[in-house]
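Heads up, the thing below is written out as structure tokens.
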Amino acid sequence: MNVRLGTRPLAVRLDRHQMKPMDLALLRPNVGIVLFSPTGAVWLGRRANTPAPYNWQFPQGGIDAGEGDLDAAIRELREETGVRSVRLLARTRDWIGYEFPPGHRGSKVGKGWRGQKQIWFAFVFEGKDSEIDLEAHGEIEFDSWRWADIDEALEAVVAFKRDTYVQVVNAFRPLADALRESKA
């Protein structure tokens with residue numbers, strides 16, 4: 001794994017607390033990843049076997065027992081995208097949670113989780129697009145990907161994750177702006 005830490009990764013404190021009060025103990029520990037291109041665009045993946053239009057999202061995944069959150073973020077990024085050449089820019093200091101909507105089916109609900117709580121990481125991609133391999137891991141999470149403006153993520157994600165994405169986009173938008181300006 002070619003992970004380079006920035007000179008000083010930032011720990012981003014959210015402007016506001018959880019948009020909807022919830023018991024974080026009932027939410028599965030998870031990480032989310034915003035992968036920036038060197039020009040400030042963000043990586044969005046289209047969830048495999050998920051109907052349009054709200055089927056694009058950032059990589060995310062569970063934290064395994066005994067695993068640190070940064071290690072989980074690096075592992076999930078590698079498994080879901082094949083990406084290895086990254087530099088850490090920032091992370092959120094606090095959990096951001098969301099609950100699954102009523103009637104949501106899935107393995108996490110079957111295990112008693114009401115939703116997920118996430119620590120979010122921002123990395124900048126330092127490789128070539130050819131490094132991206134959606135089949136790098138046995139379980140294919142995404143069937144397509146694209147670079148997009150960070151605000152496009154808000155329009156592309158499923159509704160029950162939207163409040164989380166608002167907080168993440170607001171926290172990491174200054175990074176997108178700084179990367180854009182550095183390439184101008």
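Residues of segment 116-163 that are touching an Asp or Glu at 6+ places or on another chain (Cβ under 8 Å) and under 11 Å from Q57 (Cα atoms): E141, F142.
Within this structure, I96 passes the test of being of a type outside the set (K, R), in contact (Cβ under 8 Å) with a residue 60 or more places away in the chain and buried (at least 21 other Cβ atoms within 10 Å of the Cβ). Checking each residue in segment 130-153 for being surrounded by 15 or more Cβ atoms within 10 Å (Cβ to Cβ), over 20 Å from W95 (Cβ atoms) and either over 16 Å from the mean Cα position of the chain (by Cα) or among the hydrophobic types (A, V, I, L, M, F, W, C) (or both) picks out E131, I132, L134, A136, H137, F142, W145, W147, A148, I150. When you scan segment 101-117, do you find a residue that is touching a residue at least 40 places away in the same chain (Cβ under 8 Å) and among the β-branched types (V, I, T), even just one? The answer is no; no qualifying residue exists. Do the conditions hold for I74, that is, is it closer than 21 Å to P174 by Cβ and either among the hydrophobic types (A, V, I, L, M, F, W, C) or not in a loop (DSSP other than H, G, I, E, B) (or both)? So I74 does not fit the description; no. Restricting to segment 135-171, and then to whatever is in contact with a Ser or Thr (Cβ under 9 Å, 6 or more places away or on another chain) and hydrophobic (A, V, I, L, M, F, W, C), can you tell me which residue is nearest to G115 (Cα to Cα)? Per the stated criteria, the residue is V158. Looking across R84, R78, one residue alone is within 13 Å of the chain's Cα centre (by Cα) and at pLDDT 95 or above. It is R78.
The values are calculated or read from the model by the stated rules, or taken from the named source; none is laboratory data. Not measured: the values here are computed from a predicted model. Backbone-built Cβ (ideal geometry, glycine too); neighbour counts: all protein chains shown.
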